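Here the structure comes first, spelled out in structure tokens, and everything after it is commentary.
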Amino acid sequence: MKKEDCIFCKIAHGDIPSSTIYEDDDFRIILDLGPATRGHALILPKSHYADLFELPQDMAGRVMMLAQKTASVMRDKLSCDGFNLVQNNGESAGQTVFHFHMHLIPRYENDGQNILWKPGSASGEELDIVRKQITE
Ligand code: AMP
Ligand code: ZN
């Protein structure tokens with residue numbers, strides 16, 4: 001997809017209106033239009049990177065710093081009980097908009113959401129094979 005057609009590029013640059021809760025030269029943080037919970041927000045870099053693998057390392061660091069800062073503000077202002085940081089890469093991982101973004105999801109007791117995975121199982125032998133595949 002061309003960057004000119006990217007909806008998050010347009011939102012990040014202010015060409016499409018959004019509920020912006022933070023903006024600087026390189027990032028915009030907006031409220032998600034289909035919120036998982038009250039306050040669900042998205043950190044968008046203003047430059048187009050499709051996903052985590054395209055994101056430069058220094059930007060990755062800044063995303064995490066922004067996430068921490070914003071989560072702290074939300075905890076104070078929205079009185080949430082918990083917080084999920086979610087970041088999807090690729091269709092199989094649930095990514096639907098192919099412009100890097102980090103989900104900031106405040107959590108509340110009994111909010112009815114389930115953002116955790118279903119645990120599987122693996123033998124020691126299987127873990128060893130995977131460990132070797134990654135590290136060798
Ligand atoms: P993902 O599945 O990780 O790619 O997340 C995409 C997110 O973007 C979803 O949570 C959508 O609700 C959200 N979204 C899509 N379009 C817009 C928009 N125009 N404004 C705000 N959020 C949006
Ligand atoms: Zn984009």
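Please give the net charge around GLY39, taking every other residue with its beta carbon less than 13 angstrom from that of GLY39, where Lys and Arg add +1 and Asp and Glu add -1. Net charge in that neighbourhood comes out at 0. Exposure proxy for LEU52, LEU44: other Cβ atoms within 10 Å of each Cβ, ordered fewest to most, give LEU52, LEU44. Amide hydrogen proximity for LYS46: with H placed 1.01 Å from N in the peptide plane, the residues at 5 or more positions away or on another chain lying under 5 Å are PHE27, ARG28. The phi-based Karplus calculation (6.51 cos²θ - 1.76 cosθ + 1.60; θ = phi - 60°) puts the 3J(HN,Hα) values of region 27-44 at 9, 9, 10, 10, 7, 5, 6, x, x, 5, 9, 5, x, 3, 10, 10, 8, 10 Hz, whole numbers, x for Gly and Pro. Among MET102, MET59, MET65, the ranking by other beta carbons within 10 Å of each residue's beta carbon, starting with the fewest, stands as MET65, MET59, MET102.
Each residue, SER79 and MET65, gets one label point 7 Å from its Cα in the Cβ direction; the gap between the two is 3.2 nm.
Rg and Dmax over the alpha-carbon atoms of the chain stand at 17.0, 53 Å.
With the helix formula -39500 (n - 2.57) applied to DSSP H stretches of n ≥ 4, the chain reaches a computed 222 nm mean residue ellipticity of -9500 deg cm²/dmol.
Starting with the fewest neighbours, write out THR20, THR70 ranked by other beta-carbon atoms found within 10 Å of each beta-carbon. Show your work: numbers first, answer last.
Numbers: THR20 15, THR70 20.
Fewest-to-most Cβ neighbours within 10 Å comes out as THR20, THR70.
In summary, the aspartates and glutamates within cross-link reach of LYS69, defined as a Cα separation below 15 angstrom excluding same-chain residues under 8 places away, comprise GLU23, ASP24.
I need the chymotrypsin sites (Phe, Trp or Tyr not before Pro) found in region 66-120, filtered to DSSP loop residues with at most 13 other beta carbons within 10 Å of theirs. Don't jump to the answer; show the numbers that get you there.
Working: sites: PHE83, PHE98, PHE100, TYR108, TRP117; in loops: PHE98, PHE100, TYR108, TRP117.
Counting only loop positions with at most 13 other Cβ atoms within 10 Å, the chymotrypsin sites (Phe, Trp or Tyr not before Pro) in region 66-120 are TRP117.
Values in this text are rule-based calculations from the coordinates and carry no lab data. Since we're looking at a predicted model, the values are computed, not measured. Positions of Cβ are generated from backbone atoms using ideal geometry, with glycine treated the same way; all protein chains shown enter the neighbour counts.
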